[in-house]
Structure formats: C-alpha cells, structure tokens
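Below: the structure, in structure tokens.
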Amino acid sequence: MADQLAIGSRRGLRPALPLLLPAYLWLTVAIFLPLSAMAFFSFMTDLPLAGKEWTFTLGNYAAFFSQSLYSTLLFASLRLGLEVTLWCVVIGYPAAYVLAKVLKGRSREAIFLLVILPFWSNGLVRIFSWAMVLREGGILDTALNAVLPFKINIDLMYSYPAVIIGLVHSYVPYMVLTCYLTLQAIDDSLIEAGRSLGASRRQVLWRVIIPLSMPGLIAGAALIFVPVVGSFMEPRILGGRTGTFYGTVIEDQFVAVFNWPLGAALSFILLAVVLIILALAAPVLRRAG
Amino acid sequence: MAGVQVANVSRSFGAHKALDDVSIDFADGGFYALLGPSGSGKTTLLRQIAGFDFPDSGRIAIGGESVERVPVEKRRIGMVFQNYALFPNMSVADNVAFGLSVRGEPKATIAMEVQRALDLVQLGKLGARKPHQLSGGQRQRVALARAIVTKPRVLLLDEPLGALDKALRVDMQIELKRIQREIGITTIFVTHDQEEALTMSDRIGILRDGRLVQEGPPEEIYDRPQSEFAATFLGDANIFRGDATGSGIKLPDGTTIAASTGASVPAGAKASCAVRPERIQISTGAAKPDPANANTLKGQVSKRIFAGNNSTYFVDRDGQTLKVIVQNTGAERLAEGEPVVLSWSPDSTVLIAAA
Ligand SMILES: Nc1ncnc2c1ncn2[C@@H]1O[C@H](COP(=O)(O)OP(=O)(O)O)[C@@H](O)[C@H]1O
Ligand SMILES: [Mg+2]
C-alpha cells in the first residue's frame, strides 16, 4: 500500500510539470532576474548608464560598516518593525477572535468587510487620510476639542506615533486574516473540553487557544515585520523629519541621489539581517507553537 | 461523588423546543443511559448538566447543590466528547494532566495521578505520544482518562463510542463499565444505540422530541413499555391496535387479544398491545400450542431470515406483518408460504393506552 502510494506520487510529478512550468517561468522573470540584476549592481562603482565608467567594488557594502548612520537607522527600522508587529497582534488577534468565535452570520460578514477595506484602498490615499486626521486642526484635534470641556492641542503629524498608526493601519489586516484562519480551525469542543476540566475562560485562552493559533500569529508577524522594516512611504509622509528610517534611505538612493549600487547593497544587507532574524526566531517559535 | 437532579427543565431554540419539561433523578454512583433518536434533545440535556448551555426554566442540582449559577469550570464534572476533543498540540500525558495543572496541583502529584489514570485505561506506556499518533479506540481512552483524573462528581459522555467500529465498540463498552464500577462515579451516557443502552446501564431514560418518554431499569422498560415508541425504540415489538375491552383489546376484525401487563385502559377507549418477537410461539396447524398461550392468530410465513443461533420469521396476517424470533433448537424449520399458528401468553402482552 505504502509502496503503491510512493510510486503513484513519483508518477504524479511528471504530468504536473507542464502545469508548474508557467509558475516557475513567472518566478524567474519577475523575481530572480531583477534580483540578480540588483545583486550585480550592488558590486558596481556606478550605474552603467550613459556610458559611465564602472568597476567591481565591495565599497557599497563597506559603506554600511564604515558609517554608523546606516546601522543606527537599521536598528530604528527593526524596532519600528517590532513595535508595529506587536500592535498588530494586540489589535488584530482579539479582532480575529471575535470574528472567528463570537460573531455569526451577517454581522461576521459585515465586520470582515470593514477589516478588509483598508486592503482595497490605495496606500497613498490611506496615508494622506491619516495625515488629515492627525495634523493640528485636523479631524482628531477638532473632534476632541468639540467634545472635551478644556482645550487640548493634538498634533500627531510628523511624529513617531503617526508613523506607527499609519503602518499598523496598513498592516493589521494581515494579522486579522492569518489569525482568523487558524482560530476558525479550532474546534469549539476543545474550548468546552478545557472548561469542563476546570479551566477558566482566561486559562483556556492561554493554554489552548493561543498555542493552537501560533501558526497564524507567526505567519502574520512575518508578513508584517518584513515589509515594515523596509517601509518608506508611511515614515516619509506621516513622519516628516522624524521619519528617517532605513527604508527611506534606500529609497533616497534610488529616486533622489541616483546611487543605485549603494541602494542595492543596503537592500541586500537588510534582506540578510531579516533572514537571519527569521532563522533565529524559527526554532523558538516552533517550540512555542 | 454525587447524584444529579434535573427538575422540569425546558430549553427552546427559537420556536423549537429542544427540551420540554424534563425531570430525571440520576442516582449517586449509577450508570444512566439517555437514549433517543437523533435530534431528540440528548446532547442538549447533557449540555445543561455540564453548564455549556442554560435552561429557560427548571432546576438542575449536582450533589444536592443547585448549579444554575455555577459556571462549567466550577461544576466539577468530567466530560467525554463524541469527537474526543483532545488538545492536538499536547502529548497524551499533557492532555490528561490539563485538569490538574489548571488547578495548580504540584508537579509530582500531577505526574503520579496522570500515570494512574493512564494505567486505568491501559495506556500506561503511551503518555509521550501526540493524539494524532493514536488509534480511535486509544483516543477514546485518553479522553476518558482526562475526564476522570480530576475526580469529578459526575461523568458525562456524549455518544462516546459512536465513531468506533462494532468490535472495538463492544470492547470499549466492557472497558467503560469496568472503569465506572472501579471508581464508582455517577455516569450519564448519551447514546442512540438501544443495545448499548440495554447492556451497559442501570437505568435508561428514553427521549423523544425533547420529552422524557419513559424512565427506569432496562428490564422494566423492555418488559413494560408505556408507549408504542418505547416498545419499538428499545428492542423490537409487534404492535396491535384496537379498542380496549378491560382485559385486552379487540382488533377491528373482531379478534380479541388478552393482555395482563401494562396500563389499565377503560373499556371502549383506543389502545394497543405490544408483544416481543421472541415471546411468540410459531407452529404449523398440526402442532398444539402451549395451553398457557391464550392469544392465537393464524397467518402465513412470508419470509425467514436464518441468523445461526436463531431465525426470524415474518408472518403475514390480515395485511399486517408480524415478526417472530425462534431459537435454533434443531427442530424442523418452517418454509416460506406455509400456513402457521402464532400463539403467546397474556403475560407477554403489554397493554398501552393510545397517545
Ligand atoms: N445551539 C442550537 N441552536 C439551535 N438549535 C439547536 C441548538 N442545539 C440543538 N438544537 C436543536 O435541538 C434539537 C435537539 O438537538 P440535540 O440535543 O443535539 O439532539 P440529539 O443529541 O438527541 O441528537 C435539534 O432539533 C437541534 O437542531
Ligand atoms: Mg447529540
């Protein structure tokens, strides 16, 4: 029986090849080629455009280590990624729990739509709407002063909290979706079994539900942490002068300074650091799950 | 350990009455089967006792203590779910340890109690496995060990053997009964399998459409069913309908059937009689029926099913098909189409008032 299955699956691969081919071709064209080009750039002294002279160099990578600015910014970006991810867990997990285990039928669909909505709106529109809400004399300021008996000045615009708010808003749907999927798969009878064994709601949450939803939390965290560390749009628009992060520096190299080789090198260092962090976190997280 | 009292409990879902004024007294240390067809409210009743759901009206007490306001985790019950509901991320031992560990018992006590519980269900060596590495029967045992390790006052089981195949189910019935005797725990066992209810329990409650139809020891319900439903749901029965005569019933064609057990129904009222297939004697016209068999009917064998130790005869009589079970004593077998005489004693005939 087992032999037959093994043969069956080996045979099964060959007919699948024509089906897999387009996907691999696409991956090659869309990811592998541009990425190799970038890797190539990162070892060049200058862009080979307009007949400029160039040679191979390690200087772009050396720049990262010779100027402390880059590593400082990288740490700031990693911290930003960590904070945004944590806020996404704090906000997204309870929302996913309510969606998966409390709401039923139409109200679930309605709330689900509200969660997904930011996904469907354009990123820039989203960020500029936040700018309108957060600035002095903006919607939040006006609304609070209309309700509160005393005068307060709310000007979150061009601050670190504004960057956090914008990023959390953009990325929290990932956390809600991944956690919703794992929570949905947890049978209600497991929760009831826990309670019948003497566990309070809180104990069931910590000992049964959270461990079982670990895969969703991890997937969500990875989906959020990685792009947030490299983010530049939200920091630039909502952070203003305080919004200089590793991602904005990379963006500068490509769109302002036109030092593509340095930008590429900084990107690959970021990629390496993120991969190392994920690799280090994997065994710990796997044990927790 | 403690008994459970359910008094006048009703529970509706929308317009649907899942439980309708149910009262049962579950005796301390007894093994009680709740039997009924699918949708009759068995699970709903169990969930009221466990505290997962709350009655619209009525009272529930465990060990004399009213539990209406007591949440599940404080009721000190053990529950075994139909799908086992083992925690997939924990080992077998951790599953069993869960109830003790949330109570904050010391580690050494937990380890000892878990081992004892696993030994009791004969899984002493499998503590390190994960639930997905076990067979269905083994998972069932883990679920049982997990439910009893906390020494609950009541053990609630919702069709626990439903997912097992026949042979394994019989093994587990014996096993479950042994464990229940050993620890003497009050047990409420939900099943839709009448044979399981008959063989395992001290008392049976039959539910139908949310109402308790009849309640009592298996022998009593089998021998003196109070409704056609109870007669046919618990075991097989031949049902005759007619008008009560005071000592039995008169069928529409004028034949009288004498009954000396069951309800007393005033003469003239509608009533029925139930007779178990194994209580009927079947013979060809030549043989003399037992003189005690005051009830006789003539019919014709339409079908015979041979099952080794016994044979079931289907006998046509005036548009009705009657069932007769005869032990295989090596005597001559009757052929299909043969005219026969059926006879049985009034003592084996239960009079039932029409619903
Ligand atoms: N949570 C619920 N919501 C709506 N109807 C329910 C709910 N639980 C049970 N019911 C209904 O109550 C009736 C009894 O169900 P149940 O107790 O599960 O029956 P059983 O366990 O005897 O098969 C069924 O008709 C079922 O559809
Ligand atoms: Mg049920």
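The values are calculated or read from the model by the stated rules, or taken from the named source; none is laboratory data. Being a predicted model, the structure only gives us computed values, none of them experimental. Note that each Cβ is placed from the backbone with ideal geometry, even for glycine, and that neighbours are counted across all protein chains shown.
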* How about region A:178-211: which of its residues are aromatic (F, W, Y) and either more than 14 Å from every other protein chain (Cβ to nearest Cβ) or touching a strand residue (DSSP E or B) at 6+ places or on another chain (Cβ under 8 Å) (or both)? -> A:Y180
* Among the numbered criteria (1) modelled with pLDDT of 90 or more; (2) of a type outside the set (S, T, N, Q); (3) loosely packed, with under 14 Cβ neighbours inside 10 Å, which single criterion is violated by A:P22? -> (1)
* Asked: Looking at B:P71, is it within 14 Å of chain A (Cβ to nearest Cβ), more than 16 Å from ligand 2 (Cβ to nearest atom) and without any contact (Cβ under 8 Å) to a residue 60 or more places away in the chain?
  -> yes
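Yes or no, residue by residue, for (1) without any contact (Cβ under 8 Å) to a residue 40 or more places away in the chain; (2) assigned to a loop (DSSP other than H, G, I, E, B); (3) aromatic (F, W, Y); (4) more than 9 Å from chain A (Cβ to nearest Cβ):
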site: B:L86; (1), (2), (3), (4): no, yes, no, no
site: B:D94; (1), (2), (3), (4): yes, no, no, yes
site: B:G99; (1), (2), (3), (4): no, no, no, no
site: B:E105; (1), (2), (3), (4): yes, yes, no, yes
site: B:M112; (1), (2), (3), (4): yes, no, no, yes
site: B:Q115; (1), (2), (3), (4): yes, no, no, yes
site: B:L118; (1), (2), (3), (4): yes, no, no, yes
site: B:L123; (1), (2), (3), (4): yes, yes, no, yes
* Given the conditions (1) assigned to a helix (DSSP H, G or I); (2) in contact (Cβ under 8 Å) with a residue 24 or more places away in the chain; (3) among the polar types (S, T, N, Q), which single one is not true for A:S189? -> (2)
* For residues in region B:5-51 being more than 10 Å from ligand 1 (Cβ to nearest atom) and without any contact (Cβ under 8 Å) to a residue 40 or more places away in the chain, which is nearest to the chain's Cα centre (by Cα)? -> B:D25
* From the options B:R146, B:R141, residue that is within 14 Å of chain A (Cβ to nearest Cβ), closer than 26 Å to B:S91 by Cβ, assigned to a helix (DSSP H, G or I) and of a type in the set (K, R) -> B:R146
* Asked: Under 7 Å by Cβ, and 6 or more places apart or on different chains, what pairs join a residue from region B:149-165 that is more than 18 Å from A:R195 (Cα to Cα) and touching a residue at least 60 places away in the same chain (Cβ under 8 Å) with one that is away from ligand 1 (no atom under 15 Å from the Cβ) and not in a loop (DSSP other than H, G, I, E, B)?
  -> B:P160/B:Q140; B:A163/B:G136
* **Residue that is nearest to ligand 1 (Cβ to nearest atom), among those in region B:188-224 that are buried (at least 22 other Cβ atoms within 10 Å of the Cβ) and among the β-branched types (V, I, T)** => B:V190
* **Options A:M214, A:M233, A:M175: the member that is within 13 Å of chain B (Cβ to nearest Cβ) and either in contact with a helix residue (DSSP H, G or I) (Cβ under 9 Å, 6 or more places away or on another chain) or crowded, with 19+ Cβ neighbours inside 10 Å (or both)** => A:M214
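Let's see how each residue does on (1) touching a Pro at 6+ places or on another chain (Cβ under 8 Å); (2) within 16 Å of ligand 1 (Cβ to nearest atom); (3) not assigned by TED's automatic domain parsing to the domain that holds B:L156:
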{"site": "B:G184", "(1), (2), (3)": "no, no, no"}
{"site": "B:F240", "(1), (2), (3)": "no, no, yes"}
{"site": "B:A244", "(1), (2), (3)": "yes, no, yes"}
{"site": "B:G248", "(1), (2), (3)": "yes, no, yes"}
* Determine the pairs where a residue that is on the phi < 0 side of the Ramachandran plot and loosely packed, with under 15 Cβ neighbours inside 10 Å, located within region B:225-254, has a partner that is assigned to a loop (DSSP other than H, G, I, E, B) and modelled with pLDDT under 95 with Cβ atoms under 7 Å apart, the partner being 6 or more residues away or on another chain. => B:D253/B:D318
